[in-house]
Amino acid sequence: MPSDALVARGLAKRYGRIHALHDLTLRVERGECLGFLGPNGAGKSTAVKMLVGLVRPTGGAADVLGKPVGDRATRARIGYLPELFRYPDWLAAREVLAFHARLLRLGGAPRAIGEVLDEVGLRERANDRVGTYSKGMQQRLGLAVALLGAPEIVFLDEPTSALDPVGRSDVRALIERLRARGTTVFLNSHLLGEVERVCDRVCIVDRGRVVAEGSVGALTGAARGVRVRLEEGWREFDVAPDEIPALVARLVGEGARIHAVEPNQTTLEDRFLSLVRGA
């Protein structure tokens with residue numbers, strides 16, 4: 001079995017004169033969670049659609065689960081939550097899942113449907129029509145469809161876009177469970193804080209090109225000292241991590257009242273903005 005779940009080599013897509021994606025070269029290991037980031041119009045959704053076989057590339061190539069993109073048998077091993085989707089209002093959630101189970105030719109469908117309904121927290125509303133669902137509940141149903149059949153790799157395109165803070169927390173926990181099972185997760189998201197918390201690596205694209213790739217730590221850099229919030233406000237101290245307790249003790253000994261101590265570290269959002277703004 002190949003160690004890579006996904007390999008893209010110079011993947012490109014052009015619509016007439018518009019280059020939606022220039023040169024996506026990327027590897028994602030099995031069991032890894034990759035955060036795929038970029039501003040609007042950067043080519044993220046186009047890349048995802050090519051990787052799941054919905055859009056044909058105009059350049060380059062890619063393999064998913066050891067087979068060329070678009071391989072028919074491999075599609076049954078891929079889960080996909082599109083950024084924009086809609087299910088018929090008159091169908092119940094259980095009927096939507098049953099239809100997709102038939103498309104997958106999934107054995108033991110009733111049990112599998114029950115499992116994904118539990119996974120996304122829709123068991124008690126499974127027989128209600130989609131038209132009665134809130135946007136957040138429809139998003140959960142889309143997640144359930146993506147997880148049907150226990151896929152080996154899951155592409156999530158803005159999975160928390162319609163969810164409240166509780167829903168976003170549930171999705172983070174879901175991604176952690178998928179990683180624990182060895183499922184590969186390809187996460188396209190604008191919520192950088194979410195990505196920073198759940199992803200092993202990050203790929204940032206801008207104007208159709210990869211501008212940075214690596215672990216969150218590698219992209220943000222090591223912590224540079226600490227910020228201490230005192231009565232008069234925040235102060236920065238250039239100290240090594242093992243020197244922080246002595247610093248706090250000294251400040252308290254001098255009569256300072258300390259309200260917070262934080263690492264003075266570049267966030268993923270800081271790094272992202274510097275890259276896409278050309279800083």
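Descriptive notes on the structure:
- Amide hydrogen neighbours beyond the local backbone of residue 6, cut-off 5 Å, H modeled: 28, 65
- Region 4-217 shape via C-alpha gyration tensor axes, a/c threshold 1.5: prolate
- Helical runs assigned H by DSSP (4 residues or longer) give the chain a calculated mean residue ellipticity at 222 nm of -10000 deg cm²/dmol, each run adding -39500 (n - 2.57) before division by the residue total.
- Longest segment of the chain lacking chymotrypsin sites (Phe, Trp or Tyr not before Pro) that sit in a DSSP loop with at most 14 other Cβ atoms within 10 Å: 91-279
- Look at the Cα gyration tensor of region 67-109: its axes a ≥ b ≥ c give a/c of at least 1.5 with a/b at or below b/c, and that counts as oblate.
- Cβ crowding within 10 Å ranks 181, 168 as 181, 168, fewest other Cβ atoms first.
- Going from the fewest other Cβ atoms within 10 Å to the most, the residues 175, 153 appear in the order 175, 153.
- Annotation: the residues 49, 67, 135, sorted from fewest to most other C-beta atoms within 10 Å of their own C-beta, follow the order 135, 67, 49.
- Spatial separation of Cα centroids for region 52-72 and region 90-126, in angstrom: 27 Å
- Cα→Cβ-extended label distance, 7 Å offset, between residue 264 and residue 243, nm: 1.1 nm
- Compared with the dominant Cα axis of the chain, that is its longest principal axis, helix 109-120 is turned about 20°.
- Peptides 141-152, 120-131 ranked from most to least packed, by the mean per-residue count of other Cβ atoms within 10 Å: 141-152, 120-131.
Here, each number is a calculation from the coordinates, and none is a lab measurement. Because the structure is a prediction, the values reported are computed rather than measured. Cβ sites come from the backbone with ideal geometry, for glycine too, and all protein chains shown count toward neighbours.
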